[in-house]
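J.: Below is a structure I'd like to ask you about.
Every number here is computed from the coordinates shown, using simple stated rules; none is lab data. A quick note: this is a predicted structure, and the numbers were derived from the prediction, not measured.
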Amino acid sequence: VSSNLYEFGLNSMSCTMLVNDIRQEFNVLITLAEVINNPSVLQLEYFINNYNSENHNVIDNYAEDVELLDDPKISSKNLPDLKFPNSNGTLFLTGATGFLGAHILATYLEKNPLGKVYCLVRGKNDKEAMRRLKQNNQTYMTWKDSWNKGENQNVIAICGDLSKEKFGLSSHQWYRLCHDVDLIIHSGAMVHWIYPYAQLKPINVLSTIQCLTMASTHHLKPFYFVSSVSVLNNMEFLKKTNSGETVIIQENDDLESSRTGLLNGYGQSKWVSEKLIMKAIERGIPACIIRPGFILGHSQNGMLNTDDFIIRMMAGCAQLKLFPDISSILNTCPVDYVASAIIRIASQEKWLSHNVYHMWNTPCISFNDIFEEMQLHGYNIKKVNYEEWCQTL
């Protein structure tokens, strides 16, 4: 009972299932991070026996932040009516060094060759930020030297930090952006399935507030937020889908069912951000939310994000020469489809009338579909039950 459960095959997948089982069996709101920090039966028993629901802050009461962080000053009051940007507008983009963000940048400039994009990038200074931006985009085969050739400056890297007020910019830089920018696409986030909400909040939630503030400073700007289908994955939803039940969640669902029961901090941070955006929309801010599923490689050139969970799992199975029998459904989309859809939604004012967009393939594929396709392409991998695969791993 004192042995580390990871030595017996516990992994991120089975850990998530264990969290769900403990919550249902013992009515204890334990999180993934706490199972990881208490990885033996003895430690988990102590945690469960000493659980205090009134004082327990494990889930960080993430829903409370919606009221605590909501800023009534983020509104269209005292601002002129929205003047929707024409083509070749000036875009403020976060997450441009990431896989999706790089494709959003390339797609926007493909559709708006005379446009300008301010990209918020971490770095010591603007020069290093531009170096990182160019290097990452070259890795994803999205960079074009013509963007910044001669007098043409389509892309401007701004050194900043998502977790800081005004993104860590000077007042002059901030107000210049608020004056110049025509629209905002916020795809930057810390994607981590283990970190608790409190750790993800500064980057994932507070950055959303800064974007909303920018959208309502000097003049109204359309704001497009890249969220995630993880906001749907509350305990009730997972319980139904795991039992094979078909669950339909409409885009206009208020997601009050996810006010409690979201299993990881990432989903919680996206849920809080979405709720803050919805409150801002009620006060006249032009905004919409895009919820992609798993974002996979480019449908034309095959470029992949090699750090992606699914790609890592495929590589691991190829090395093991085994794959687990998992029939679970995956909501997936190629990165070029998601980027193109986001830019299309951001291209016309009429799409703002619909506040939420779900993006995934129909029909969906399963893990088994992926592994069987690998077999067809010559990979010598054998299907085994999940327990055997975990033990071998």
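J.: With θ set to phi - 60°, apply the Karplus curve 6.51 cos²θ - 1.76 cosθ + 1.60 along segment 150-157 and write out the HN-Hα couplings as whole Hz, x wherever there is a Gly or Pro.
T.: x, 7, 6, 10, 6, 10, 10, 8
J.: Using modelled amide H (1.01 Å from N, peptide plane; none on Pro or chain starts), what sits under 5 Å from the amide H of Val356, excluding residues fewer than 5 places away?
T.: Long-range HN contacts for Val356: Ile289.
J.: Pick the calculated Kirkwood radius over Cα pairs in Å for this structure from (i) 22.5; (ii) 20.6; (iii) 26.7?
T.: Label (i) holds the value from this structure.
J.: Turning to a different aspect of this structure: Give me, ordered by chain and number, the residues 5 or more places off Arg122 or on other chains with an amide H under 5 Å from its own placed amide H.
T.: Those qualifying (amide H under 5 Å, at least 5 residues apart or on another chain) are Gly160.
J.: Taking H placed 1.01 Å from N in the peptide plane, check which residues at least 5 places from Leu296 or on another chain put their amide H under 5 Å from its amide H.
T.: Amide H neighbours of Leu296: Cys333, Val335.
J.: Same structure, new question: If the limit is 25 Å between Cα atoms, which of Lys116/Lys221; Lys73/Lys127; Lys134/Lys270; Lys116/Lys279; Lys124/Lys201 go over it?
T.: Beyond 25 Å: Lys73/Lys127; Lys134/Lys270; Lys116/Lys279.
J.: Another one. Ordered by residue, what ³J(HN,Hα) values in Hz, to whole numbers, does segment 65-71 give under the Karplus form 6.51 cos²θ - 1.76 cosθ + 1.60, where θ = phi - 60° and Gly and Pro are x?
T.: Once θ is set to phi - 60°, the couplings for segment 65-71 become 5, 4, 6, 5, 9, 4, 10 Hz.
J.: Now, a different point. What length, rounded to one decimal in nm, is gained on full extension from Asn355 through to Leu320, with 0.36 nm per residue of separation minus their alpha-carbon distance?
T.: Working it through step by step, the gained length comes to 8.2 nm.
J.: Which distance in Å, rounded to a whole number, links the C-alpha centroids of segment 61-104 and segment 112-180?
T.: Measuring centre to centre over Cα atoms gives 17 Å.
J.: I've got another one for you. Which aspartates and glutamates does Lys144 reach when only Cα atoms under 14 Å apart count, and residues fewer than 8 places away in its own chain are ignored?
T.: Glu110
J.: Which residue, Ile295, Ile249, Ile185, has the most motion in a Gaussian network model of the chain that connects Cα atoms within less than 10 Å?
T.: Ile249
J.: Shifting gears a bit: Can you tell which of Phe26, Phe323, Phe92 shows the greatest fluctuation in a Gaussian network model of the chain with Cα springs below 10 Å?
T.: In the Gaussian network model the winner is Phe26.
J.: Pairing the Cα long axis of helix 367-376 with the longest principal axis of the chain, what angle in degrees results, from 0 to 90 and rounded to the nearest 10?
T.: Roughly 90 degrees, rounded to the nearest 10.
J.: Give me a comma-separated list of calculated 3J(HN,Hα) values for segment 136-145, in order, Karplus coefficients 6.51, -1.76, 1.60 applied at θ = phi - 60°, integers in Hz, x for any Gly or Pro.
T.: 5, 5, 5, 4, 8, 6, 10, 6, 10, 4
J.: Below 8 Å, C-alpha to C-alpha, sequence gap of six or more: please give me the relative contact order for the chain in percent.
T.: Values: 627 pairs, mean separation 68.7, N = 393.
Contact order relative to length: 17 percent.
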